[in-house]
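So the structure is just underneath, and the comments pick up after that.
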Amino acid sequence: MASMIDIKRRKTSIESTEQITKAMKLVSTVKLQHAKQKAEESLPYFHKMHETISSILAGSANIEHPYLSTGASDKKAIITVSSNRGLAGGYNNNIVRMIRDSKWNKKDVDIYAVGHKAMEVLANRGYHIASDDSEMINEPSYEDARILGEKVLKAFEDGEIGEIYLAYTEFKNTVVHIPKLIKLLPVEISAEEGKEGEKTLMNYEPTAEEALSMLIPKYICSMIYGAFVTSVASENGARMQAMDSATSNAEEMISTLDLAYNRARQGAITQELTEIISGAEALNE
């Protein structure tokens, strides 16, 4: 059994950790409220943009455009949105696991990283980091999304990559956060959207090519910005949960150590009383 000094030292250490996790939980809770509001305001536009572009393309017959066909390169660009800080449970690892489970050859993947945590793990696993824009996730803005969108689109147009994907975490509520990997380019149309598009064909003015050259870059930037916003909300929600669990675990450990300390103290008192009684009996003999 550990001595009372060791138990007390360990309890003090855990109490200090508990204070830190409580403070981090409080900070994450405040940040979550702000991020959640921003996500809830942005997500309807985020989803409607995807629905609108898919609907437009579904109603566009026999249009040839670079954004609608796979590029000459076999490389896939993946924009990974993670965090620059840890202590958020499985938030960052879920992004890494999703890319790993895709079974794509590492040589055929270029990572456009937004967030250090996933980037560091992917780099250690042998993935090529084509761009590091981790600072964008600190205070995400539409301008940041536009800059990143133009960067990947240029690589697509130059033939450096043939497909563009977006890996992020969608915020459902405080508890539920869903990692997602979606294809941005070439734009794909689902079977249902294709059937709907057969009913109503799109007319473009001046030309379909010019319209798509303007619309699709805006679509890409909007999707990236939406991923930024929902990922920030998910990160703070995940960190709040992780710190809440850590605080609960610390409280349980402190309770266990209190019990162990009381037992050790009671044992020490019993031993001292036994020695005193034994000593007194020895003097009376």
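Throughout, read-outs are computed from the coordinates displayed, never taken from laboratory work. The shown structure was predicted, so the numbers you read here are calculated from the model rather than taken from an experiment. Ideal geometry is used to build each Cβ from the backbone, glycine not excepted, and the neighbour counts take in all protein chains shown.
Data for the structure
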quantity	calculated
In segment 30-137, trypsin sites (Lys or Arg not before Pro) in a DSSP loop with at most 10 other beta-carbon atoms within 10 Å	Lys103
Out-of-range pairs (alpha-carbon distance over 21 Å; input Lys103/Lys180; Lys151/Lys218; Lys36/Lys154; Lys76/Lys172; Lys38/Lys117)	Lys36/Lys154; Lys76/Lys172; Lys38/Lys117
Packing-based order for 40-46, 19-25, using average beta carbon neighbours within 10 Å, highest first	19-25, 40-46
Sorted by Cβ density within 10 Å, fewest first, the residues Thr247, Thr52	Thr52, Thr247
Dipole of the chain [Lys/Arg +1, Asp/Glu -1 at C-beta], most positive-end residue of Met253, Met243, Ser83	Met253
Sorted by Cβ density within 10 Å, fewest first, the residues Ile220, Ile182	Ile182, Ile220
Shape category assigned to segment 87-190 from the gyration tensor of Cα positions, a/c cut at 1.5	rounded
Calculated from backbone phi, Karplus (6.51, -1.76, 1.60) coupling profile of segment 33-47 in Hz, x at Gly/Pro	4, 5, 5, 5, 4, 5, 5, 5, 6, 8, 4, x, 5, 4, 6
Dipole magnitude of the chain, debye to nearest 20 (Cβ charges: Lys/Arg +1, Asp/Glu -1, about Cα centre)	500
Simple spin-label estimate for Lys48 and Leu181 in nanometres, 7 Å along Cα-Cβ	3.1
Centre separation in Å (Cα based) which lies between segment 214-285 and segment 113-127	30
Candidate aspartates and glutamates for bridging to Lys106, where Cα separation is under 13 Å - those fewer than 8 sequence places away on the same chain excluded	Asp74
Separation of the Asn138 and Lys103 label points, Cα + 7 Å toward Cβ, nm	4.1
